[in-house]
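A quick write-up on the structure given underneath.
Derivation of every value follows stated rules applied to the coordinates shown; laboratory data play no part. Everything numeric here is computed off the predicted structure, so don't read it as measured data. In this analysis, Cβ positions are derived from the backbone assuming ideal geometry, glycine residues included, and neighbour counts consider all displayed protein chains.
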Amino acid sequence: MPNAFRIYNTLTRRKEVFKPLRPPRVTMYVCGITAYDEAHLGHARAAVVFDVLYRFLRHLGYEVPYVRNYTDIDDKIINRAQREGRSWREIAEQYIREYQEETAALGVLSPTHEPRATEHIPEMIALVERLLARGVAYVSDGEVYFAVDKFPGYGKLSGRRLEEMLAGARVEVSEKKRNPLDFALWKAAKPGEPYWESPWGPGRPGWHLECSAMSLKYCGETLDLHGGGLDLIFPHHENEIAQSEAATGKPFVRYFMHNGLITVNGEKMAKSLGNYVSLKTLLSRYHPEVIRLFLLTKHYRSPLDYTEKAMAEAEKALYGLYGSLYFLGKVEYAKEGGLRKAAKRLSEALSRFRERFLTALLDDLNTAEAVGTLFNLVSEVNRFLPSARQATVEEAALAREVLATVKELSGEILGIAGSDPGSFVEEERRRKAALRGIDPQEIEERLAAREEARRAKDFTRADALREELLAQGVEVRDTPWGPFWMVL
RNA sequence: GGCGGCGUAGCCAAGUGGUAAGGCGACGGCCUGCAAAGCCGUGAAUCCGGGGUUCGAAUCCCCGCGCCGCCUCCA
């Protein structure tokens, strides 16, 4: 009876049945980016994983206010601005815009709200004042710090205890802090730095503060879902919990979800390691759905190793998928009659797909399993295709039903295989041809010449033309519906 | 050192108590003028190793081994 959605909650370290606080409403907050540099595959993974969660929740009938924030003021932004002689605002604007464009290209739906830190300075100041009033924060030389030892639950998300952390401490020593683990709620501006006026003097908010303030504003005191990368568990999310719960006295988050990180040759992809692949580069080389497929064929909590070979495999798998749907779309009614043997199997496979696809997602968003069920269905489509050249009325209807179901489930929820197969094929041909510097017109001409040669039984010439095309990266296959080609 | 995760066929990867999905690749066959694609078949005595619980374990527990992440900004 798997009609309950179970998700792995980092707070309890186990899968739990998802019960929102006020159904059918589900509040969801995901940590976005700090806008100081271009986005890479790791950012794309978080965006896509939570996009699928958002789409799935809506499919289940929930109303989902979804918030994804932008950190648009921060040391790294200021540093970059100073280095490049531009304003911090310009830097932030640029990378926020690029991120929005690139995630949109990836088929990531826009969240309900995309708040920016600097647009919520009053809310943050108010939150700091609440924390000061409660005695869990203190002012020190123009800065405000959160006193971690005043919050009894500190460490509950990351499974750490204060004493242990102090023991191994690699934390920055500051004479302004009472405890080395205390973190800044408000930072004083140094000369030349951007600042906002506050009761403690000119300065800017600490990083962790914005998520507490903005989630409070847009989602209320208790969030149903809070997401982000695994690397945000400590200290970021731990600190958010401390700030929020100390201020409101209410549980901050019911379910914390964290996606695994991308690795390259087994090593974490990170800007500091210089081993990252930018989203921009990936989008220039692969169809967005190839990137989504690559990301979703592994469970969201596992590490995912990026290699060009794996990307090529994802591309090939997606081309095969769309190729099958493309021909399924060409199935037309040719005679009276019901479902014959292959069609009956396809019909059963369709029912199985409907059930298993959703069951997979209900089990902690198991997209890898869901993708597997999609390929199972496609395999049955391929078995059906040879008999479908002369399809019966019912078979033609079945073909349409399969296409509609794939679009409705995989297309709407995973964002994969939802495009019109004909458009996908044509766009991909154009895109890849351009990428390889081939003229599609020339390909069509060669194909026509080859068909002519084949009709004339001049197979030597036909094969030579096919070889020429292959040398250009154009793979030709002959089908009952005529030749079909893709650029690899 | 502390906390967390992972280890399943050549590679990638599901499966978390009832007898090993799927993708890529390989081999044989069918189809094809020949190919490609597709289809059919072959491929894990077995899920890192060793104990234990159970009628039954890749799945639960314990002990090892190996890899990774976090403990500092990081999706």
| query | Which is farthest toward the positive dipole end of region A:6-280 among A:Gln82, A:Ser174, A:Pro251, measuring Cα position about the Cα centre, with Cβ charges +1 (Lys, Arg) and -1 (Asp, Glu)? | reply | A:Pro251
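Only bridges with both residues in chain A count here: give the DSSP antiparallel percent, nearest 5. Kindly include the intermediate steps, with their values, before the conclusion.
On the way: 25 of 48 bridges.
Of the beta bridges lying entirely in chain A, close to 50 percent run antiparallel.
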| said: Would any residue of region A:35-62 have its amide N under 19 Å from a label point 7 Å out along Cα→Cβ of A:Glu267? List them or say none. | reply: A:40-43
| What nm value, rounded to one decimal, do you get for the distance between A:Thr460 and A:Glu164 when each label is placed 7 Å out toward the C-beta? | 7.8 nm
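Percent of Cα-Cα pairs more than 36 Å apart in region A:6-280, please.
I get 12 percent for the Cα pairs in region A:6-280 exceeding 36 Å.
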| query | When the chain is fully extended, how far beyond the present Cα-Cα distance does A:Glu394 get from A:Arg86, taking 0.36 nm per residue of separation? | reply | 104.4 nm
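Given Cβ point charges of +1 (Lys, Arg) and -1 (Asp, Glu) and nothing else, what value in debye, to the nearest 20, does the dipole of chain A about its Cα centre take? Before the final figure, lay out each step's value.
Details: 69 positive and 70 negative charges, 244 e Å.
Computed charge dipole of chain A: roughly 1180 debye.
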| said: Going Cα to Cα from A:Lys156, which aspartates and glutamates come in below 18 Å? Please leave out same-chain ones fewer than 8 positions away. | reply: A:Glu16, A:Glu164, A:Asp182, A:Asp224, A:Asp231, A:Glu238, A:Glu240, A:Glu245
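If you take the Cα atoms of region A:1-78, find Rg, then find the Kirkwood Rh from the mean of 1/r over all pairs, what is Rg/Rh? Show your work: numbers first, answer last.
Values: Rg = 15.4 Å, Rh = 14.6 Å.
Taking Rg over the Kirkwood Rh, I get 1.05.
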| task | Report the full-extension gain for the segment A:Ala449 to A:Ser387: residue separation times 0.36 nm, less the Cα-Cα distance, to one decimal in nm. | result | 19.4 nm
| Taking a spot 7 Å from the Cα of A:Lys335 along the direction of its beta carbon, which residues of region A:395-410 have an amide N less than 19 Å from it? | A:395-399
| message | Let's test the formula: R0 of 22 Å, r as the Cβ-Cβ distance of A:Ser174 and A:Glu114. What FRET efficiency results, to the nearest 0.05? | response | 0.10
| message | What are the ³J(HN,Hα) couplings of region A:337-351, residue after residue, when phi is run through the Karplus curve with 6.51, -1.76, 1.60 and θ = phi - 60°? Round to Hz, x for glycine and proline. | response | x, x, 8, 8, 3, 4, 5, 4, 4, 4, 4, 5, 4, 5, 4
| request: Scan around A:Arg134 for amide H atoms under 5 Å from its own, H built in the peptide plane at 1.01 Å from N, and keep only partners 5 or more places away or cross-chain. | output: none
| note | Residue-ordered couplings for region A:211-228, obtained by feeding phi - 60° into the Karplus form 6.51 cos²θ - 1.76 cosθ + 1.60 and rounding to whole Hz (Gly and Pro as x), are 5, 5, 5, 6, 5, 4, 5, 8, 10, x, 5, 10, 8, 6, 10, 10, x, x
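Would you mind working out the magnitude of the charge dipole of region A:55-150 relative to its Cα centre, with +1 at each Lys and Arg C-beta and -1 at each Asp and Glu C-beta, to the nearest 20 Debye? Mind showing how you got there, number by number?
Values: 13 positive and 17 negative charges, 50 e Å.
Dipole magnitude for region A:55-150 comes out near 240 debye.
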| request: Treat each spin label as a single point 7 Å out from the Cα along the C-beta direction, and report the A:Arg345 to A:Val17 distance in nm. | output: 3.9 nm
| message | Once you place label points 7 Å from the Cα toward the Cβ at A:Asn275 and A:Glu401, how far apart are they in nm? | response | 5.0 nm
| In region A:438-487, with Lys and Arg counted as +1 and Asp and Glu as -1 at Cβ, which of these residues, A:Gln472, A:Ile438, A:Ala453, has the Cα nearest the positive end of the dipole, that is, farthest along it? | A:Ala453
| query | If only Cα atoms are counted, what is the Rg of region A:231-368, and what is its Dmax, in Å? | reply | 21.9, 72
| query | Taking the Cα centre of region A:408-488 as origin and charging only Cβ (+1 Lys, Arg; -1 Asp, Glu), how large is the dipole, in debye to the nearest 20? | reply | 300 debye
| task | Distance check, please: which entries in A:Lys268/A:Lys309; A:Lys76/A:Lys150; A:Lys177/A:Lys271 exceed 22 angstrom between their Cα atoms? | result | A:Lys76/A:Lys150; A:Lys177/A:Lys271
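Take the alpha carbon atoms of chain A, find their radius of gyration, then divide it by 2.2 N^0.38 Å using N residues; give the quotient. Walk me through the numbers before you get to the answer.
Numbers: Rg = 27.0 Å, N = 488, 2.2 N^0.38 = 23.1 Å.
In units of the 2.2 N^0.38 Å rule of thumb, it is 1.17.
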| Charge context of A:Leu21, other residues only, Cβ under 11 angstrom, K/R +1, D/E -1 | +3
| task | Would you mind checking which residues have amide H under 5 Å from A:Gly206's amide H? H placed 1.01 Å from N; only 5 or more apart, or other chain. | result | A:Trp186, A:Lys187
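How many percent of the alpha carbon pairs in region A:291-353 exceed a separation of 18 Å? List each step's numbers first, then the result.
On the way: 1144 of 1953 pairs.
That fraction is 59 percent.
Please work out how much length the chain gains when fully extended from A:Glu355 to A:Phe234, using 0.36 nm per residue of separation minus the C-alpha to C-alpha distance, in nm with one decimal.
Numbers: separation 121, 0.36 × 121 = 43.56 nm, distance 3.78 nm.
Value of the extension gain: 39.8 nm.
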| task | Taking the dipole about the Cα centre of chain A, with the C-beta of Lys and Arg at +1 and of Asp and Glu at -1, give me whichever of A:Ala188, A:Ala213, A:Leu60 is farthest to the positive side. | result | A:Leu60
| message | Based on Cα coordinates alone, diagonalise the gyration tensor for region A:308-420, multiply each eigenvalue by 5, take square roots, and list the semi-axes in whole Å, largest first. | response | 25, 16, 11
| task | Starting at the first residue of region A:285-291, write each ³J(HN,Hα) from the Karplus equation 6.51 cos²θ - 1.76 cosθ + 1.60 with θ = phi - 60°, in whole Hz, x for Gly and Pro. | result | 9, 10, 4, x, 5, 5, 5
| query | Which cross-chain or sequence-distant (5 or more) residues have an amide H under 5 Å from the amide H of A:Val264, H modelled 1.01 Å from N in plane? | reply | A:Met269, A:Tyr306
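Is region A:44-192 rounded, prolate or oblate when judged by the Cα gyration tensor, a ≥ b ≥ c being the square roots of its eigenvalues, rounded requiring a/c under 1.5 and prolate requiring a/b larger than b/c? Display every interim value, and only then the final one.
Details: a/c = 1.99, a/b = 1.36, b/c = 1.47.
Note, shape of region A:44-192 comes out oblate.
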